[in-house]
Structure formats: C-alpha cells, structure tokens
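The numbers here are math on the coordinates, done by the rules we state, and not lab data. No experiment lies behind these values; they were computed from the predicted model shown. All Cβ positions, even for glycine, are placed from backbone atoms using ideal geometry, and neighbour counts span all protein chains on display.
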Amino acid sequence: MTATADTAPMRIGLEGVVSDLSDDKQVFHVPWGKAMMWIFLLSDTFIFSCFLIGYMKVRMTTTVNWPVPSEVFALSFGGEPIPLILIAIMTFVLITSSGTMALAVNYGYRGNKKITVILMLATAALGATFVGMQVFEWSKLILDEGVRPWVNPMGAAQFGSVFFMITGFHGLHVSAGVIYLSVIAYRVGTGYYDRHRGGNYEMVEICGLYWHFVDLVWVFIFAFFYLW
Amino acid sequence: MAQAGTSPAEGHQEHPLGIYLGVWILLFVLSTFSYMVDYLNFQGLLRWGLILLFMFLKAGLIIAVFMHIAWERLVLICAILLPPLCLTVFIGMMAIEADYTFLTRLTVFGEAPQIVAPHH
C-alpha cells in the first residue's frame with residue numbers, strides 16, 4: 001500500500017480495518033475534528049446509558065407502582081386528556097430539527113452559505129422550542145402535580161429524580177447545542193470558513209454530528225421513559 | 001489552509017438531498033408508529049417488542065444516514081459502534097441484580113407491593 005497521510009487507499013472489509021489500524025501515520029482517515037467529535041459522542045453515549053440503566057434498576061426494584069407516563073404526561077385541551085401529546089410534539093420538533101441540520105450540512109458542502117445559515121438557525125430555533133416545551137413540562141410537574149426528586153403523589157418516590165435527571169441532562173445538551181449551532185452559523189455567514197479553512201465546511205458537519213446525537217438520545221429517552 | 005486529513009475523496013461528503021428527505025419522512029412515520037403503540041394501548045410483549053423495534057430503526061437511520069456512518073471506513077464504524085455493545089453486558093448484569101434486589105425487598109425486608117392511588 002503506497003499511502004500518504006491523507007490519501008491511504010481504502011480497502012473494504014476486515015482487510016481495510018487491519019490496514020487502517022496498522023497505518024504508519026493515521027488510523028482514522030477523517031479530519032481530526034470529526035474523529036474527536038465522535039469520541040466525545042461515544043463518551044456521552046456511556047454517560048446517558050449510565051443514567052438510563054440506573055433508571056432501569058430503580059424501576060425494576062421498587063415495590064411501589066411506577067407512575068404511568070401516558071397519564072402523567074397527558075394534556076387535555078378542554079376535553080379528554082390526550083396521552084403524551086406534548087411529548088409527541090417535542091419528538092416531531094426534534095426530528096424536524098435533525099432534518100434541517102442534515103440539509104444544512106449538505107448545503108454547506110455545496111458552498112451555499114446563505115441556505116446553510118438559514119437551515120442552521122432553523123435547527124437552533126427548533127431546538128430552543130424543544131427546550132421551551134420541556135421547561136413547560138417541568139413547571140407543570142413541579143408546580144401543578146407536586147413532583148419532587150424525593151416524592152410524588154402518583155407512585156414510586158424515585159420517579160421525580162429519574163425524570164428530572166435524565167430530561168435535565170438532555171435539555172442541557174440541547175441548550176448547549178443551540179448555542180453551538182448559533183456560533184457556527186454566525187461563522188458560516190460571515191465567511192469565516194472561507195478565510196480560515198479554505199472554503200472547507202467540515203465544521204458544519206461536525207456540528208451536525210453533535211445535533212444528531214442529541215436527537216438520538218431523545219429517541220432512547222422517548223422509548224424507555226415515556227412509552228415503556 | 002485545508003485541515004489535515006481532508007482528501008477530496010473523504011473529507012467532502014455530498015450525497016443527493018433525496019436520501020435525507022427520504023430518511024426524514026421515515027423518521028416521522030416511525031415516530032408516529034411508536035406513539036400509536038401507546039395510544040392504542042398495546043400491552044405486554046407486543047408493546048415492548050414494537051417500542052424496541054421502532055427505537056432501533058430510528059436510531060439506526062439517524063446514525064447511518066444523518067451521521068454519515070454508512071459512508072465511513074469500517075475501522076471508524078467499529079471504533080464507534082462496538083464499544084456501546086459492551087453496554088448490553090452491563091444492562092444484563094444490572095437487570096439480574098435488579099431482580100435480586102426486588103425479590104429481597106419482598107421476601108427478606110417484608111415489603112408488600114403497594115399501589116399509590118393518584119389523587120387529582
């Protein structure tokens with residue numbers, strides 16, 4: 001294999017894994033920013049997994065009934081309570097934001113700064129909307145329903161602490177992502193990546209990786225906490 | 001100044017927009033199905049099976065297409081996807097221990113299963 005640091009020919013399958021791992025200069029032939037973001041996401045996966053596994057244990061071991069999420073998170077608009085409606089809307093908002101982000105990455109690589117900025121700001125706006133709805137959910141549970149991390153009137157005492165911890169960490173990640181998106185969008189718009197990266201818009205893709213991760217975590221939270 | 005590791009073949013991934021839009025729609029459809037599992041009040045194995053199925057399908061689509069994993073080299077795919085598999089071992093161990101804790105609470109600590117009635 002005759003390879004420079006960047007253009008190592010790619011071999012498919014296990015042969016490729018072996019030749020990449022034994023490369024003399026670089027194992028992952030991607031920009032270092034991308035590799036590092038993936039490594040960060042891997043660590044974050046483990047953190048959220050610890051929370052969700054802890055939730056699993058708490059729920060499996062309690063002798064008191066676990067509150068039923070579709071009842072706890074139902075909203076009524078003057079009629080019968082609709083189960084999980086706010087959560088469904090939040091899920092759609094986040095999926096939409098993932099879609100706009102994927103398009104933004106695509107337009108970034110096409111060099112279309114204007115559309116990229118619009119799509120990134122749309123993604124950020126949707127993310128902020130998601131956080132707003134989560135804040136509403138929190139305020140409803142804390143103020144109206146009397147849910148505390150140590151007790152709640154619906155069932156097992158640990159429900160509150162699990163809910164606030166997991167959705168709190170996730171909401172924090174979404175909020176950080178909104179700020180991150182805004183900063184990168186600003187840089188795209190002012191031509192920073194033309195001046196400093198030679199027209200290379202990988203930073204948009206790396207930002208996209210983080211945002212999709214945030215959506216991914218929600219897919220798991222939605223399934224394990226709200227639906228189960 | 002280009003970043004190190006940016007070869008024209010790899011650092012620059014452009015795919016037709018259509019695939020993103022297609023996956024996007026699929027994600028909406030799968031989310032609707034997930035929500036229907038609860039709305040239609042499925043129970044038991046059907047409920048859990050469907051919840052997990054839709055969850056993994058959505059996760060797979062997001063990781064493979066939106067996060068471009070499907071187009072990455074196998075070594076990167078392995079480095080990212082194999083470590084989380086170790087979590088399945090962790091989950092299994094914790095589930096076994098949770099069962100033990102639950103049974104201990106019932107038999108040794110004499111806790112009776114209680115239902116807290118919601119008062120609205």
If I filter the range A:124-145 for residues that are outside any helix (DSSP H, G or I) and within 13 Å of chain B (Cβ to nearest Cβ), do I get at least one hit? yes
Which ones in the range B:43-56 are surrounded by 17 or more Cβ atoms within 10 Å (Cβ to Cβ), of a type in the set (A, V, I, L, M) and under 9 Å from the mean Cα position of the chain (by Cα)? B:55
If you take the residues of the range B:100-120 that are more than 7 Å from chain A (Cβ to nearest Cβ) and part of a helix (DSSP H, G or I), which of them is farthest from residue A:212 (Cα to Cα)? B:107
Taking only the range B:32-71 into account, find how many residues are farther than 24 Å from residue A:71 by Cβ, more than 7 Å from chain A (Cβ to nearest Cβ) and in a loop (DSSP other than H, G, I, E, B). 1
Among the residues listed as A:104, A:88, the single one being within 8 Å of another protein chain (Cβ to nearest Cβ), hydrophobic (A, V, I, L, M, F, W, C) and out of contact with any His (no Cβ under 6 Å at 6 or more places or on another chain): A:88
Number of positions in the range A:146-177 that are assigned to a helix (DSSP H, G or I) and of a type in the set (Val, Ile, Thr): 4
Matching residues, the range A:69-89, being closer than 30 Å to residue B:94 by Cα and assigned to a helix (DSSP H, G or I): A:69, A:70, A:71, A:72, A:87, A:88
When you check residue A:98 against the structure, is it more than 22 Å from residue A:198 (Cα to Cα), in contact with a His (Cβ under 8 Å, 6 or more places away or on another chain) and assigned to a helix (DSSP H, G or I), yes or no? yes
Just the residues that are crowded, with 18+ Cβ neighbours inside 10 Å, free of Cβ contacts under 8 Å to residues at least 24 places away in the same chain and assigned to a loop (DSSP other than H, G, I, E, B), please, taken from the range A:35-68. none
Every residue in the range A:47-83 that is within 20 Å of the chain's Cα centre (by Cα) and either among the β-branched types (Val, Ile, Thr) or facing chain B (nearest Cβ under 8 Å) (or both), please. A:47, A:49, A:53
Given the structure, is residue A:220 in contact (Cβ under 8 Å) with a residue 60 or more places away in the chain, more than 10 Å from every other protein chain (Cβ to nearest Cβ) and among the aromatic types (Phe, Trp, Tyr)? no
Among the numbered criteria (1) aliphatic (A, V, I, L, M); (2) surrounded by 14 or more Cβ atoms within 10 Å (Cβ to Cβ); (3) more than 8 Å from chain A (Cβ to nearest Cβ), which single criterion is violated by residue B:81? (2)
Hey, can you tell me all the residues within the range A:182-217 that are in contact (Cβ under 8 Å) with a residue 24 or more places away in the chain and closer than 30 Å to residue A:55 by Cα? A:207, A:208, A:209, A:210, A:211, A:212, A:213, A:214, A:215, A:217
Considering only residues that are of a type in the set (D, E, K, R) and more than 15 Å from residue A:127 (Cα to Cα), look in the range A:180-228 and name the one that is surrounded by the most Cβ atoms within 10 Å (Cβ to Cβ). A:205
Got at least one residue in the range A:99-112 being of a type outside the set (D, E, K, R), over 19 Å from residue B:59 (Cα atoms), touching a strand residue (DSSP E or B) at 6+ places or on another chain (Cβ under 9 Å) and without any contact (Cβ under 8 Å) to a residue 24 or more places away in the chain? no
